[in-house]
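Have a look at the structure below, then the notes.
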Amino acid sequence: MGAWGVGSFDNDAALDWLDTLDRLGAEALLIAFQTIAEEDERIETEQARIALAAAEAVAAARGHAAPDLPGELAEWTDAHGRTVDDALAAQAKDAVTRIRDRSELADLWEEQDSGPEWDASIAGLLERLGAGGD
């Protein structure tokens, strides 16, 4: 799947996942985070991209949206954001940390000399996930 930047929605997998979120609701968030939590090996790129999109949904639902949040995700969080609680935010933070520390996606950005930009993007997401609800 294509990617054009280090942002959480700068790739096809994350944008395609929005359809899953629309269909499954908060269950799509749980599935994304559980997939990361259950991975014993390096986390695959597509799994990481989906979980990062899910983490962005959590941050947005808690009032800390990224400036480049897709419109359809903003609409979803306005309508369903109340389903995102502290436990889900903790799962999101755990998933993002695991992706940062041991994923093919992190390796990919490092190999393409975009590591510092990607690291900053991930740090911003973690900060937004920790804001407010904890």
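The values are calculated or read from the model by the stated rules, or taken from the named source; none is laboratory data. All values derive from a computational prediction rather than experimental measurement. All Cβ positions, even for glycine, are placed from backbone atoms using ideal geometry, and neighbour counts span all protein chains on display.
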Matching residues in the range 91-105 - criterion: being among the aliphatic types (A, V, I, L, M) and in contact (Cβ under 8 Å) with a residue 60 or more places away in the chain: 92, 95, 99, 105
Among (1) free of Cβ contacts under 8 Å to residues at least 40 places away in the same chain; (2) touching a helix residue (DSSP H, G or I) at 6+ places or on another chain (Cβ under 6 Å), there is one condition residue 71 misses while meeting the rest; what is its number? (2)
Inside the range 1-37, can you point out the residues that are out of contact with any Ser or Thr (no Cβ under 8 Å at 6 or more places or on another chain), modelled with pLDDT under 90 and of a type in the set (A, V, I, L, M, F, W, C)? 1, 3, 4, 9
So residue 117 ticks every box in (1) in contact with a helix residue (DSSP H, G or I) (Cβ under 7 Å, 6 or more places away or on another chain); (2) surrounded by fewer than 19 Cβ atoms within 10 Å (Cβ to Cβ) but one. Which box is left unticked? (1)
Helices (runs of 4 or more DSSP H) within the range 64-132 that include 1 or more residues of a type in the set (Phe, Trp, Tyr) and farther than 17 Å from residue 37 by Cβ: 71-80, 104-111, 115-130
Quick check on this structure: which one of 43, 50 is modelled with pLDDT of 95 or more and over 18 Å from residue 124 (Cα atoms)? 43
Are any of the residues in the range 38-53 surrounded by 19 or more Cβ atoms within 10 Å (Cβ to Cβ), in contact with a helix residue (DSSP H, G or I) (Cβ under 8 Å, 6 or more places away or on another chain) and of a type in the set (S, T, N, Q)? yes
Selection over the range 1-37 where residues are crowded, with 18+ Cβ neighbours inside 10 Å and part of a loop (DSSP other than H, G, I, E, B) yields a count of 4
